[in-house]
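Reading through the structure tokens given below for one structure.
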Amino acid sequence: MSITRFFLIFLAVFLLLAAAFSTYLAWGTLQVAPVLPQFQTATLLRQLLIEFFRLLPFAVTAATVLAFSGIGGSEHTDTSTSPLERGKATLIILVVLGILNGAWFGMVESRVSAQVQHLQYLSRSGQNVIAEARRLLDQRQFVEAQERVFMHRSIFGETEENQALLMETDRRLADERTVQERLAVDELMPWERQRRLTEVQSMTLTDLIGQAEQFLQDEDFFSAHHFASLAVARNPNRQDARRIQARALAAIEGERRQIVETPDREFFAAKNRAYMAFRQGETIPERAVEAWHLFRELENQAPRDPDVLTFAPRALEQAQR
């Protein structure tokens, strides 16, 4: 076996060992200096190249020493020629590997190392932004926390971590706004509350029909149906009240059909069930209590909804009779 062939065998073995050890070192670097999941593959490959070329001179040196030491046995020994002549091809390979190694350390290694450091810096920055967002969330600074999450997404894209944190921030921000809205309900202008909570017992039949007609023109269909139903209850022969009642019911159904989003459709259906229970509660006490519970649930979901503002207090009064 020639020196060159023997050298190539040793070189292949040592290069495989160097590659395996480089992978181990690169993975260890990721454990010491973690990076974001989206950067792990790029960082690992670059770090593997850095470690491999650091080990390459040792692998080449070891293969060269073993090849020229005569470990291959007498089969490759030729006393008529010098060792340099027998290893001429090996020397050419060494020169090529030396040029490759020099080019790596002279032109490439610094750039790859800079890229690794940049990815590590970005990862630290991303982790700091997430930590800052969590701190602000714990301090109930929801808008500022949301801004940090959006900043993270604009730089690193959508990740499981920032997506989960954004959902948590949105949920807690929505809860906070709901509390503020519920507190603001009592700050409605007096004329609006008066319009919504008019005492119907003191109203005449003409007043009820006129109020129902006005609500219908204002597209407040639940209130229009309610006042028209009160008018019909006082005088079933009033066809104008029945017409308003029918038009309001048709408008409610038309409004339901126009809703596209599932949450809005479910809320409208719940509001309709609560209103129907409220109407039946005029004669059935159990339905009055049910209506009150249903409107309480709607108050938690949308405390500023005009229909909830109108009928929730009425449902409570009705249940307490």
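Each reported figure results from applying straightforward, stated rules to the coordinates on display, with no laboratory input. These numbers were taken from a predicted model, which means no experiment stands behind them. Cβ placement follows ideal geometry from the backbone for every residue including glycine, while neighbour counts extend to all protein chains displayed.
Can you pull the one-decimal nm distance between simple spin-label points at Leu15 and Ser202, each 7 Å off the Cα toward Cβ?
9.9 nm
Hey, what D do you get for the stretch 1-46 in µm²/s if you plug the Kirkwood alpha-carbon radius into Stokes-Einstein at 37 °C and 0.692 mPa s? Can you show the working numbers first?
Numbers: Rh = 12.4 Å.
Translational diffusion coefficient: 264 µm²/s.
Which of Pro285, Pro306, Pro263 moves the most in a Gaussian network model of the chain with Cα springs under 10 Å?
With Cα springs under 10 Å in the chain, the top fluctuation among Pro285, Pro306, Pro263 is at Pro263.
At a 10 Å Cβ-Cβ cut-off, how would you order Ile9, Ile209, fewest neighbours first? Mind showing how you got there, number by number?
Details: Ile9 15, Ile209 23.
Arranged by neighbour count, lowest to highest, Ile9, Ile209 become Ile9, Ile209.
Working from Cα positions, state the angle (0 to 90°, nearest 10) between the long axis of helix 205-217 and the longest principal axis of the chain.
For helix 205-217, the angle is close to 30 degrees.
Could you give the distance between the Cα centres of the stretch 269-321 and the stretch 238-256, to the whole Å?
20 Å
Which value in nm describes the separation of the simple spin-label points at Arg273 and Ser125, placed 7 Å from the Cα toward the beta carbon?
5.1 nm
What's the exposure ranking of His225, His293, going from fewest to most Cβ atoms within 10 Å? If you can, show how the numbers build up before the last one.
Details: His225 24, His293 13.
Going from least to most buried by this count: His293, His225.
Kindly provide the helix-only [θ] at 222 nm of the chain, computed as the sum of -39,500 (n - 2.57) over DSSP H runs of four or more divided by all residues, to the nearest 500 deg cm²/dmol?
Values: 14 runs with 257 residues, N = 321.
Using -39500 (n - 2.57) per qualifying helix, the result is -27000 deg cm²/dmol.
Kindly write out, for the stretch 270-287 in residue order, the coupling ³J(HN,Hα) from the Karplus curve 6.51 cos²θ - 1.76 cosθ + 1.60 (θ = phi - 60°), rounded to whole Hz, with x marking Gly and Pro.
Listing the rounded values in order: 5, 5, 5, 5, 5, 5, 5, 5, 5, 5, 6, x, 4, 10, 10, x, 4, 5 Hz.
As an exercise, identify the GluC sites (Glu not before Pro) in the stretch 207-276 lying in DSSP coil whose Cβ has no more than 13 other Cβ atoms within 10 Å. The partial results should precede the final answer.
Details: sites: Glu213, Glu219, Glu253, Glu255, Glu261, Glu266; in loops: Glu219, Glu261.
Qualifying residues, ordered by number: Glu219, Glu261.
In Å³ and rounded to a whole number, note down the convex hull volume per residue for the Cα atoms of the chain. All intermediate terms of the calculation are to be shown ahead of the outcome.
Details: hull volume 68.1 nm³, N = 321.
It comes to 212 Å³ per residue, whole-number rounded.
Using 0.36 nm per residue, how much length does the chain from Val65 to Arg140 gain when fully extended, once their Cα-Cα distance is taken away?
Details: separation 75, 0.36 × 75 = 27.00 nm, distance 6.78 nm.
Extra length available between Val65 and Arg140 comes to 20.2 nm.
Over the chain, what relative contact order in percent results from Cα pairs under 8 Å that are six or more residues apart?
RCO, the chain: 11 percent.
What do you get when you divide the Cα radius of gyration of the stretch 92-179 by 2.2 N^0.38 Å, with N the number of residues? Numbers along the way, then the final one.
Details: Rg = 21.8 Å, N = 88, 2.2 N^0.38 = 12.1 Å.
Cα Rg divided by the expected 2.2 N^0.38 Å: 1.81.
Would you list Ile92, Ile252 from fewest to most Cβ contacts within 10 Å? Please list the in-between numbers first.
On the way: Ile92 11, Ile252 18.
Ordered from fewest to most neighbouring Cβ atoms within 10 Å, Ile92, Ile252 come out as Ile92, Ile252.
Placing +1 on the Cβ of each Lys and Arg and -1 on the Cβ of each Asp and Glu in the chain, which of His225, Leu205, Ala33 has its Cα farthest towards the positive end of the resulting dipole?
Toward the positive end, the furthest listed residue is Ala33.
What residues qualify as long-range amide H neighbours of Asp305, i.e. H under 5 Å apart, gap of 5 or more or another chain, H built at 1.01 Å from N?
Counting only residues 5 or more places away or on other chains, the set is empty.
When the chain is fully extended, how far beyond the present Cα-Cα distance does Arg54 get from Gln258, taking 0.36 nm per residue of separation? It would help to have the intermediate numbers written out before the result.
Numbers: separation 204, 0.36 × 204 = 73.44 nm, distance 6.86 nm.
Here the segment from Arg54 to Gln258 would lengthen by 66.6 nm.
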